[in-house]
Each structure stands twice: as C-alpha cells, then as structure tokens.
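Novice: Please read through the structure below; I'll follow up with questions.
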Amino acid sequence: MHALYRHFNANEELLYVGVALNPIIRSSAHRTNSHWFNSVTRIEITWLANKAKAMKAEREIIEKEKPLHNVKFRKPYSRVKSRAPTPNIFAEFAKYWDTVEAERHWQS
C-alpha cells in the first residue's frame, strides 16, 4: 500500500500533496528541507492499493487543486501580459518531463 498525503495550513489551504510508503518519515524530511513546513497545521493521509493508483491520484489533485508548493504536474502558465501570442515553451518542456519521469519510474 502507498500513502497519498496532503499538508494544509491554518486556513485549510492545500500546501503540498505527495506519495510515500511511509508518510510520517516523508513528512519529517519536509520538516527539515521545506521552507513551507512551519505553516502545516494538518496532515491528511489516504492509503491506496498500489503506487500506480497513488501516483494517479497525486497528479489529479495537483492539476485540480493546485497546492501552493507542488511544482510537479502543474499546468504551465505565463505571467507575461501581452497581446501578441507567445509560444508556450513550458508546455513543451512539461511534455518532455512527463516522458522522462515515466521512463525513470519504469526503470526503477
């Protein structure tokens, strides 16, 4: 079984979502390495049957709920305000990155 964990702040904003075999140990790593961890007031853990289901759920949550500190799987966007169309190089990079990540997970 794999855990899908979510970190929330006092305003119930979703700060981060992730997948781990041991969400307690993973949260300890976030406490040590993540600048946002001091804002966490609640951790929600959902157990899923396998890694594939957990990873799928993680991706869907990141795309739909847009946690404040997740970068992986976010839909790229541009902050540049312009009337002229600009190429979305971030979208192309995201397509490539998903392929690299899939290959890396497949090989492990």
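Novice: Out of region 1-41, which residues are modelled with pLDDT of 95 or more and among the charged types (D, E, K, R)?
Specialist: 6, 12, 13 - these are the residues of region 1-41 that are modelled with pLDDT of 95 or more and among the charged types (D, E, K, R).
Novice: Taking the residues in region 17-31 that are β-branched (Val, Ile, Thr) and within 14 Å of the chain's Cα centre (by Cα) as candidates, determine which candidate is farthest from residue 51 (Cα to Cα).
Specialist: Across region 17-31, the extreme among qualifying residues is 17.
Novice: With crowded, with 17+ Cβ neighbours inside 10 Å and among the acidic types (Asp, Glu) as the only criterion, which of 58, 12, 44, 65 stands out?
Specialist: Going through 58, 12, 44, 65 in turn, the sole match is 58.
Novice: Taking residue 3, is it surrounded by 12 or more Cβ atoms within 10 Å (Cβ to Cβ) and in contact with a Lys or Arg (Cβ under 7 Å, 6 or more places away or on another chain)?
Specialist: Against the criterion (surrounded by 12 or more Cβ atoms within 10 Å (Cβ to Cβ) and in contact with a Lys or Arg (Cβ under 7 Å, 6 or more places away or on another chain)), residue 3 does not qualify.
The values are calculated or read from the model by the stated rules, or taken from the named source; none is laboratory data. Predicted model, so just to flag it, every value in this text is computed and none were measured. Don't worry about glycine lacking a Cβ; one is built from the backbone with ideal geometry, like all the others, and counts go over all protein chains shown.
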